[in-house]
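The values are calculated or read from the model by the stated rules, or taken from the named source; none is laboratory data. Everything numeric in this text was worked out from a predicted model, so none of it was measured. As a convention, Cβ positions derive from the backbone with ideal geometry for all residues, glycine included, and neighbour counts pool all protein chains shown.
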Amino acid sequence: MIHFSSIGKTALLIAMAEGSETDDYVSRAREKSFDVVTGKVGSMDVQKIIAAVETAAKREGLTNDSYRSQHALYHAILDALQGLGRGPLQLGNILRTVGLRFAIVKGPRTLEDLDDLWIAVSMYGMIGAPIKGHEHEVCGLGINHL
């Protein structure tokens, strides 16, 4: 049985889950007091990836219009993207594309520290040349305090 003990582990497990496993993991994370949003994005444009994650978070109420909320999410996204790209992410300008599943999780840093609020963004998928068979797996995680 999967044990959701921290916000980062929860976000990574959900992003890497497949099929009905994703719905099960999301339900179990919500039972542990985490707010969760998932989505998919594929692009050669970093701005489109950022926009997809920000839109999903706002649409599902994980963020609001406050500067603090938007800023924390933005930096969690950037940290996750750096993990995917082994540093500053470049895609289209160097002929690279990604296909990703992402999870946004809001809640306590750990289940033992319930009075603190954090946001985590995890991404899992494939990166490579825009030619089928020329890609490999990637994973990124960003966590920021709200």
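When the residues of the range 109-142 are narrowed to those that are assigned to a loop (DSSP other than H, G, I, E, B) and not charged (D, E, K, R), which ends up surrounded by the fewest Cβ atoms within 10 Å (Cβ to Cβ)?
Gly133
Kindly indicate whether Ser27 is among the polar types (S, T, N, Q), touching a residue at least 60 places away in the same chain (Cβ under 8 Å), part of a helix (DSSP H, G or I) and more than 22 Å from Glu137 (Cβ to Cβ). Taking the combined requirement at face value, the residue does not satisfy it.
Say we look at the range 6-24 and pick out the residues that are in a helix (DSSP H, G or I) and more than 15 Å from the chain's Cα centre (by Cα); which of these is surrounded by the fewest Cβ atoms within 10 Å (Cβ to Cβ)? This residue is Ser20.
Only residues that are within 18 Å of Gly107 (Cα to Cα) and not acidic (Asp, Glu) were counted across the range 32-66, and they come to 16. Can you work out which of the residues in the range 82-108 that are outside any strand (DSSP E or B) and at pLDDT 85 or above is surrounded by the fewest Cβ atoms within 10 Å (Cβ to Cβ)? It comes out as Gln82.
For the range 29-45, filtered to residues that are modelled with pLDDT under 95 and farther than 21 Å from Ser69 by Cβ, the residue that is surrounded by the fewest Cβ atoms within 10 Å (Cβ to Cβ) is Glu31.
Yes or no: Ala56 touching a strand residue (DSSP E or B) at 6+ places or on another chain (Cβ under 6 Å), over 26 Å from Gly85 (Cα atoms) and in a helix (DSSP H, G or I)? Taking the combined requirement at face value, the residue does not satisfy it.
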